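A.B. asks: Got a structure here, written out as structure tokens. Questions coming.
The values are calculated or read from the model by the stated rules, or taken from the named source; none is laboratory data. The structure presented is a predicted model; accordingly, all values stated were derived computationally and were not measured. All Cβ positions, even for glycine, are placed from backbone atoms using ideal geometry, and neighbour counts span all protein chains on display. SASA here: full protein model, heavy atoms, side chains in, ligands and nucleic acids out. Shrake-Rupley method; radii C 1.70, N 1.55, O 1.52, S 1.80 Å.
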Amino acid sequence: MTVNITLPNGRTVNTGTKEGANYFIQDPSGPFEFFSQNLEHVKQVCDRIYQRRNKTPTPQEINEIGLLYTVASQLAENADYDVFAKIPVKEIHVYMEHVMVEIGRMTEANSNWARTGALTHYHEQMLLEGLIGLAMQRVPIKLAFEMDFFGTLAMFASAPSTVAEDPAETITMIVANVAISTLVYKEDLPSTAKVFAKLESCGMLEQFIRLSVVCPMSSPGVLKCYDQLHACSSFIEKKFTEDQPCGKACKEILGRSSLNRHPVVGKLRMIASFTNWIEKRADMPKEMRDGYRYCRKCNKMEHSPEFQRSLQKCSRCKSAWYCSRECQVGDWKAHKPFCRAVTSKASKVMRFNEQSVHDFIKNNYITILEEIVKVSSATGKKKGELLLELDFFDSSKNGRGAPALQTPPKFKIADSKGYFEGSRPNEPDWFYKHIDRKCYEGNVPMFVRGLKDTYNRLTDSHLLVLVRPPDNQGFGVYRMQLQSSTTKNHMFSQQTIDAATKAIEDEDFDPLTSLFGEGSDDTRRLRRALGGPPDEASLDAVRAMLNMNFGGSF
């Protein structure tokens with residue numbers, strides 16, 4: 001909508017442009033008083049609409065109200081940040097007060113909203129959509145928290161049992177812009193974690209979660225907001241358990257199979273896997289809470305609580321473990337380049353990311369196994385020479401979600417040495433090689449050293465994994481392993497890969513059966529997923545059921 005406003009000095013400006021918005025705010029003919037000068041009339045028009053039986057505004061009333069809402073939105077979206085900040089705080093305050101009153105009216109007096117979750121009047125849509133731009137500006141955000149604006153918005157969002165796509169998208173974008181703006185105004189606004197805490201305390205975060213799956217495709221801003229939420233692991237640990245409102249909303253969404261392909265669901269699965277791990281971790285012995293650890297130097301690993309308790313942690317990076325003083329001293333030269341002091345918050349984020357990777361591999365084991373067999377057969381490379389590349393960051397502009405969180409998930413199995421030797425042909429495109437050469441050249445040496453170091457410490461049970469985390473901050477390199485629940489055999493050992501190759505290429509399932517046990521859950525799952533016939537134990541169970549139900553002798 002084009003809004004041309006004639007100023008006292010005779011100049012006409014279009015607030016829908018950067019030049020016009022900046023000039024309008026800095027009009028030399030007098031102080032900025034546009035909101036306070038126009039609000040009284042707009043209030044009278046709104047009162048008139050809500051007092052009559054037919055609450056549909058006339059075209060004239062829409063124009064009168066729309067001028068205020070449109071100008072407010074366009075100034076926030078088009079003016080430079082430092083120019084918008086010159087608007088007097090009292091002007092933004094009176095506008096925010098009016099917005100809260102009108103949202104309260106829409107909650108209480110609009111029966112259609114409570115019944116259908118749709119906004120039928122254009123001026124209501126304009127009011128709500130105008131807040132998207134304001135949620136990117138520092139002063140309106142600060143005032144919103146001081147005035148409990150998000151408490152009012154949460155009540156509005158929760159009034160209907162279902163919300164239509166347009167208002168749902170608008171509300172989620174408002175919240176997402178606020179969360180993302182904390183990264184821009186780090187010195188003026190609370191931290192991202194504190195903003196999420198404020199949104200949770202008034203019920204707005206719960207509504208954000210609920211509404212973020214209403215639209216089939218989420219905006220990049222909404223997905224970015226979830227990426228920021230992933231970085232707040234302490235907050236997730238407290239507020240996303242099953243007895244908390246956000247945890248309940250998350251569980252309800254994950255329980256709806258119709259949403260499995262939604263990009264937000266992948267984000268929520270990561271949160272759920274972390275909270276599940278935290279709950280299970282609380283019941284474990286202290287020395288087992290971070291998973292089975294092994295000596296970084298000699299790779300010694302035992303499942304016994306005594307051995308796990310005896311391992312010593314690097315006091316600086318808190319991520320390397322050693323079975324003896326000799327191993328720690330002997331490994332220092334190799335470990336030193338990667339040893340960085342970390343805060344407890346950063347340590348929790350690292351655990352969150354690692355647990356997400358572990359859960360991804362566990363949940364997608366069959367698909368990963370098939371791809372390893374495919375690439376190994378095509379290249380002649382052994383499993384220990386291959387790498388799993390995962391991307392948990394959503395860089396798309398259409399809200400499709402991170403590649404690793406799509407349905408089906410996208411990942412890559414490739415030659416490990418192609419990432420750190422020669423011209424590095426397998427190097428991922430998210431290293432900014434063709435975007436920011438300086439950043440690329442500064443970070444690649446650390447990446448190459450870290451990946452090569454981890455590669456050299458692999459054992460037969462490990463799979464090498466390279467990960468871009470949800471917040472796109474750096475990269476992660478992991479040695480991941482899974483064990484059979486029955487035989488404790490390693491599910492990424494070369495013996496397992498060879499057995500899977502026999503099953504896939506020769507339809508010979510005997511090696512897999514001998515590895516994972518006749519009739520075990522792992523054997524049944526692998527046979528079923530890889531297209532094999534049921535094993536004898538499964539057939540015996542079916543025969544026994546048929547004999548019992550039909551009196552036969554099968």
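A.B. asks: If I model the range 15-86 as equal point scatterers sitting on the Cα atoms and use the Debye formula, what is log10 I(q)/I(0) at q = 0.16, 0.26 Å⁻¹?
C.D. replies: -0.63, -1.12
A.B. asks: Hey, for a label at Ser111 modelled as a point 7 Å past Cα toward Cβ, could you say which residues of the range 159-185 have their backbone N under 17 Å away?
C.D. replies: Residues 160-161 fall inside that zone.
A.B. asks: For the range 12-107, calculate the relative contact order in percent as a whole number, restricting contacts to Cα pairs under 8 Å that are 6 or more residues apart.
C.D. replies: It comes to 44 percent, rounded to a whole number.
A.B. asks: Another question, then. Mind checking Rg over Rh on the range 299-378, alpha carbons, Kirkwood formula for Rh?
C.D. replies: Radius of gyration relative to Kirkwood radius: 1.08.
A.B. asks: Let me check the size of the range 422-504 from its C-alpha atoms; what are the radius of gyration and Dmax in Å?
C.D. replies: Rg, Dmax (Cα atoms, Å): 16.4, 50.
A.B. asks: Ok, one more. If packing is taken as the average number of other Cβ atoms within 10 Å across a peptide's residues, how do 496-504, 422-430, 169-177, 377-385 rank, most packed first?
C.D. replies: Output ranking for 496-504, 422-430, 169-177, 377-385: 169-177, 496-504, 377-385, 422-430.
A.B. asks: If you take all C-alpha pairs in the range 127-216, what percent of them are over 20 Å apart?
C.D. replies: Of all Cα-Cα pairs in the range 127-216, 27 percent lie more than 20 Å apart.
A.B. asks: Which percent of Cα-Cα pairs in the range 190-285 sits in each 5 Å bin, short to long?
C.D. replies: 2, 13, 25, 27, 19, 9, 3, 1, 0
A.B. asks: Sort 471-483, 217-229 by packing, meaning the average of other beta carbons within 10 Å per residue, with the highest value first.
C.D. replies: Output ranking for 471-483, 217-229: 217-229, 471-483.
A.B. asks: Still on this model: In debye to the nearest 20, how big a dipole does the range 11-167 give about its Cα centre with +1 on each Lys and Arg Cβ and -1 on each Asp and Glu Cβ?
C.D. replies: In debye, rounded to 20, the range 11-167 gives about 300.
A.B. asks: Excluding same-chain residues fewer than 8 positions from Lys382, which lysines have a Cα within less than 19 Å of its Cα?
C.D. replies: Straight-distance partners of Lys382: Lys374, Lys412, Lys417, Lys452, Lys502.
A.B. asks: Ignoring everything except DSSP H segments at least 4 long, calculate the 222 nm mean residue ellipticity for the chain; use -39,500 (n - 2.57) per segment, divide by total residues, nearest 500.
C.D. replies: When only DSSP H runs of four or more count, the value is -17500 deg cm²/dmol.
A.B. asks: Next question, about the same structure. Please sort 44-57, 131-144 by packing, taking for each peptide the average over its residues of neighbouring beta carbons within 10 angstrom, highest first.
C.D. replies: Ranking, from highest mean packing down: 131-144, 44-57.
A.B. asks: Would you work out what percent of the accessible area of the chain, with all protein chains in place, is carbon or sulfur (probe 1.4 Å)?
C.D. replies: 50 percent
A.B. asks: Right, here's the next one. In nm, give the distance between the simple-model label positions of Arg316 and Ala529, each being 7 Å from the Cα along the Cα-to-Cβ direction.
C.D. replies: According to this spin-label approximation, the distance is 4.0 nm.
A.B. asks: A follow-up question, please. State, in angstrom, two size descriptors of the range 472-534 derived from its alpha carbons: Rg to one decimal place and Dmax to the nearest whole number.
C.D. replies: 13.8, 46
A.B. asks: Let me ask something additional. How large is the translational diffusion coefficient of the range 462-508 in µm² per second when you combine the Kirkwood radius over alpha carbon pairs with Stokes-Einstein at 37 °C and 0.692 mPa s?
C.D. replies: Using the Kirkwood radius from Cα pairs, D works out to 258 µm²/s.
A.B. asks: Given Thr120, Pro511, Ile413, which one lies farthest toward the positive end of the charge dipole of the chain, if we put +1 on the Cβ of every Lys and Arg and -1 on the Cβ of every Asp and Glu?
C.D. replies: Among Thr120, Pro511, Ile413, the one farthest towards the positive end of the dipole of the chain is Pro511.
A.B. asks: Rounded if a/c is under 1.5, else prolate if a/b beats b/c, else oblate: with a ≥ b ≥ c from the C-alpha gyration tensor eigenvalues square-rooted, which is the range 311-450?
C.D. replies: rounded
A.B. asks: Let me ask something additional. On a C-alpha basis, how far is the centre of the range 468-482 from the centre of the range 1-51 in Å? Whole number, if you could?
C.D. replies: 50 Å
A.B. asks: Express the relative contact order of the chain as a whole percentage, based on alpha carbon pairs under 8 Å and six or more residues apart in sequence.
C.D. replies: Once normalised by length, the contact order is 8 percent.
A.B. asks: For the chain, report the accessible area per residue in Å² (1.4 Å probe, heavy atoms, rounded to an integer).
C.D. replies: 48 Å²
A.B. asks: Okay, next question. Tell me the Kirkwood hydrodynamic radius of the chain in angstroms, computed as one over the mean inverse distance between distinct C-alpha pairs.
C.D. replies: Answer for the chain: a Kirkwood hydrodynamic radius of 27.3 Å.
A.B. asks: Calculate the length of the line joining the C-alpha centroid of the range 298-336 to that of the range 172-232, in whole Å.
C.D. replies: Cα centres, the range 298-336 to the range 172-232: 39 Å.
A.B. asks: Of Ser310, Leu75, Asn177, which is farthest on the positive side of the dipole of the chain, counting Cα position, with +1 on Lys and Arg Cβ, -1 on Asp and Glu Cβ, and the Cα centre as origin?
C.D. replies: Farthest towards the positive end: Ser310.
A.B. asks: Could I ask something else about it? For Lys18, give me every one of the lysines with a C-alpha distance below 22 angstrom, ignoring sequence neighbours fewer than eight places off in its own chain.
C.D. replies: Candidates past the 8-residue exclusion: Lys86.
A.B. asks: Taking the radius of gyration and the Kirkwood hydrodynamic radius from Cα positions alone, what is the Rg/Rh ratio for the range 197-252, to two decimal places?
C.D. replies: My calculation puts Rg/Rh at 0.95.
A.B. asks: Have a look at Val3, Asn456, Ser234 and report the one farthest towards the positive end of the charge dipole of the chain, computed about the Cα centre with Cβ charges (Lys/Arg +1, Asp/Glu -1).
C.D. replies: Asn456
A.B. asks: Now for a separate question. Based on the alpha-carbon set only, what is the convex hull volume of the range 38-172 divided per residue, in Å³?
C.D. replies: Taking only Cα atoms, the range 38-172 has a hull volume of 101 Å³ per residue.
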